[in-house]
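The values are calculated or read from the model by the stated rules, or taken from the named source; none is laboratory data. All values reported here derive from a predicted model rather than from experimental measurement. Cβ coordinates were reconstructed from backbone atoms using ideal geometry, including for glycine residues, and neighbour counts include every protein chain displayed. Note: accessible area is taken over every heavy atom of the protein model, side chains too, but ligands, DNA and RNA are not part of it. Shrake-Rupley method; radii C 1.70, N 1.55, O 1.52, S 1.80 Å.
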Amino acid sequence: TFVHIYIYIKNKMRNHFSNRNLLVLVLIIGICLGFDAVHCYDRPPARKTVFVPHDEDDSAPQQVHIYQVGQNKMGISWITDDPTPATVKYGPSPSADASSATGTTSSYHYTGYQSGEIHNVVIGPLNPNTVYSYKLGDSPKTYNFKTTPNQLPIKFAVIGDLGQTEDTKSTLDHISKSNYDMLLLPGDLSYADFIQPLWDSFGRLVEPLASQRPWMVTQGNHEVEKIPIIHRTPFTAYNARWKMPFEESGSDSNLYYSFDVSGVHVIMLGSYTDFDQGSSQYKWLQGDLQKINREKTPWVVVLVHAPWYNTNEAHQGEGESVNMKTSMEDLLYNARVDIVFTGHVHAYERFTRVYKDKSDNCGPVHITIGDGGNREGLATKYQDPKPDISLFREASFGHGLFEVVNGSHARWTWHKNDNDESVVSDSVWLTSLSSNTACKV
């Protein structure tokens, strides 16, 4: 991995860094990879990394993505190299000039890298299930997005550990054809790993999808990017580039938050910030779960990066998984959470409803979906024999679709990326715990 990154920096990123900063980055990466060596495992080689350059003028919007804010608003984020107004003009398609809104502009510095101008604007109120056109800053270019429905049914695309490789491009192509309403991503987005221009490349790679449907994300270990002595603040790039609507749910951190969409309450948790019972995240989660109205949102879904249940040999025994499960599993079980989506392990696995390592009809279904297409490759070795609580597992890149049909039934499908063809390899109908009289809270 170190050699791969070194060659990538040398061949692709020289225009972005001086020779001195190149050397510093190489040393930093070597040190940080050394810290993570205890978790290394054998993986088949990944496919070629994709770098998407910026081929327009410096004032042109790039890395456009949208995120849902509350019930009827949308946040829009984009980056420009030169200063431009943080304004959005928008209207029901095809008009893009009916209304306007103004937001904020920020930037960040990371070792020898200076980000572009990062603009964030919240627009609305918006009508549900409606196509809107919009323009950014002074640019004449028109974009389009579709708002989510305000009632069921709704379809979520779910991908983890996405990265930016040829496998990633294949996964995104498959998702683009799925007619999803919202994308959920449980951490590890760009795999920039300290090389900040790779964040820019990732933003350009996902823009065709992320500018048209809301992408709701949480962080993984590859977002931490904390360097001892040199850069002590974690999540600098992630928090600056992927602001999520945490304030609306009463959270004090961009690393954990919740929101309602249609008839689903979605909770995003942070594996790499404090989660013990005295932590802010724990107390926030406890309060958030108590506020859920199952009449309004009969389904409750949680996303977190490091899996609490895992029969793959990769990432066994890590504190982010074991200790967080010990701290928070009771909260999720007692609140009758329906599904927990996780990443981190570069493979797919679906468990039965489970609680404290045993099958439990009132526990959540745990699904590992860390197979978006990252550069580190697949985790191919599983524990043998397979535990009874693990129902389906396979090391392949792919994506999932979670179609919530009504308050009681939803269909989950996992689409394997087989030679760049999307193949449904796992499918199951799920019943909400709120509709199960034996599991009433």
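For this structure, a couple of remarks:
- Residue in the stretch 345-359 that is open to solvent by 50 Å² or more (accessible area, probe 1.4 Å) and among the aliphatic types (A, V, I, L, M) present: no
- The set of residues in the stretch 402-439 that are in contact with a helix residue (DSSP H, G or I) (Cβ under 8 Å, 6 or more places away or on another chain), modelled with pLDDT under 95 and part of a loop (DSSP other than H, G, I, E, B) contains only ASP420.
- Looking across the stretch 110-135, the residues that are polar (S, T, N, Q) and either assigned to a loop (DSSP other than H, G, I, E, B) or touching a Ser or Thr at 6+ places or on another chain (Cβ under 6 Å) (or both) come down to THR111, SER115, ASN120, ASN127, ASN129, THR130, SER133.
- Qualifying residue in the stretch 166-177 (condition: at pLDDT 95 or above, open to solvent by 20 Å² or more (accessible area, probe 1.4 Å), part of a strand (DSSP E or B) and not small (Gly, Ala, Ser)): no
- Tally, over the stretch 212-224, of residues that are assigned to a loop (DSSP other than H, G, I, E, B) and open to solvent by 10 Å² or more (accessible area, probe 1.4 Å): 3
- Tally, over the stretch 100-136, of residues that are closer than 25 Å to LEU198 by Cβ, without any contact (Cβ under 8 Å) to a residue 40 or more places away in the chain and open to solvent by 60 Å² or more (accessible area, probe 1.4 Å): 4
- Residue that is surrounded by the fewest Cβ atoms within 10 Å (Cβ to Cβ), among those in the stretch 263-316 that are among the small types (Gly, Ala, Ser) and within 22 Å of the chain's Cα centre (by Cα): SER280
For (1) of a type in the set (Phe, Trp, Tyr); (2) open to solvent by less than 30 Å² (accessible area, probe 1.4 Å); (3) closer than 26 Å to ARG47 by Cβ; (4) modelled with pLDDT under 95, each residue gets a yes or a no:
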| position | (1), (2), (3), (4) |
| --- | --- |
| GLU376 | no, no, yes, yes |
| GLN383 | no, no, no, no |
| LEU391 | no, no, no, no |
| HIS399 | no, yes, yes, no |
